[in-house]
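Chemist: What follows is a single structure, and I will ask about it in a moment.
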Amino acid sequence: MALNRKLIMLASAVFLLAACENPETESPAAPAVPAPALADLPAPWNAADLANGKAVFAKCKACHTLVASEGNLVGPNLHGVFDRHPATQRRFKYSPALAGFKEEHWTPELIDHWLSNPKSFLPGNGMFFNGIGKPEDRRDVIAYLLINTRK
Ligand code: HEC
């Protein structure tokens, strides 16, 4: 019994010491979802060619902006698109098809399917875009989005 109590006290002392160690190494408050670097992205997006991703995004630019301060165009502003429910950009009037799309989040995998053929992915949606046939082009533009929709 006495030994048990000693052990418990010792354990709490170690715990307290560990908790007090180096309080100054705590990092300052980071933005909710900071922009990742290419190397931080999960595979296969960490192997993307960002310059090509930017070039492919030129096809989206007529309809989409990426930075929070920019507004909706023909399509919704894509800031934070990976961190929110589909069809939830403020002040954008979505098609009933996309508004009724029940996925929890836009993941990179879902956007890959969406961009490969928007029409067959979600019949009746309002994004009039033929899609991107080359898988590497989709990988590259999605990596570009993963980084640039969080700035
Ligand atoms: C001709 C205009 C146009 C082009 C080009 C276009 N989009 Fe869209 N996009 C839209 C519209 C409109 C919607 C909303 C569709 C709806 O409501 O059904 C949309 C929706 C989206 C969404 C879902 C957004 C949300 O808030 O849920 C994503 C992601 C997206 N587009 C990505 C892209 C990417 C990436 C490209 C380029 C490879 C692209 N789009 C090209 C018009 C466009």
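Taken together, the values in this text are just the output of simple stated rules run on the coordinates, not laboratory data. All values derive from a computational prediction rather than experimental measurement. FYI the Cβ positions are ideal-geometry reconstructions off the backbone, even for glycines, and counts take in every protein chain you see.
Chemist: Taking the Cβ of Ala35 as the center, what net charge do the other residues with Cβ under 11 Å away carry, scoring Lys and Arg +1 and Asp and Glu -1?
Modeler: +1
Chemist: Taking neighbour counts of Cβ atoms within 10 Å as a proxy for exposure, in what order, fewest first, do Thr149, Thr65 appear?
Modeler: Ordered by Cβ neighbours within 10 Å, fewest first: Thr65, Thr149.
Chemist: How large is Rg over Rh for region 28-148, taking Rg from the Cα atoms and Rh as the Kirkwood inverse mean of 1/r across Cα pairs?
Modeler: Values: Rg = 14.0 Å, Rh = 14.9 Å.
Ratio of gyration radius to Kirkwood radius for region 28-148: 0.94.
Chemist: Right, another one. About the Cα centre, and with charges only on the beta carbon of Lys, Arg (+1) and Asp, Glu (-1), how big is the dipole of region 28-148? Nearest 20 debye, please.
Modeler: Values: 12 positive and 11 negative charges, 104 e Å.
Its charge dipole is roughly 500 debye.
Chemist: Need the full-extension length gain, Asn72 to Val33, defined as separation in residues times 0.36 nm minus the C-alpha distance. One decimal, nm.
Modeler: Details: separation 39, 0.36 × 39 = 14.04 nm, distance 2.14 nm.
Gain on stretching Asn72 to Val33: 11.9 nm.
Chemist: On a straight-distance basis, which lysines could pair with Lys151 in a cross-link, Cα separation under 25 angstrom, same-chain partners fewer than 8 positions away excluded?
Modeler: Lys54, Lys59, Lys61, Lys93
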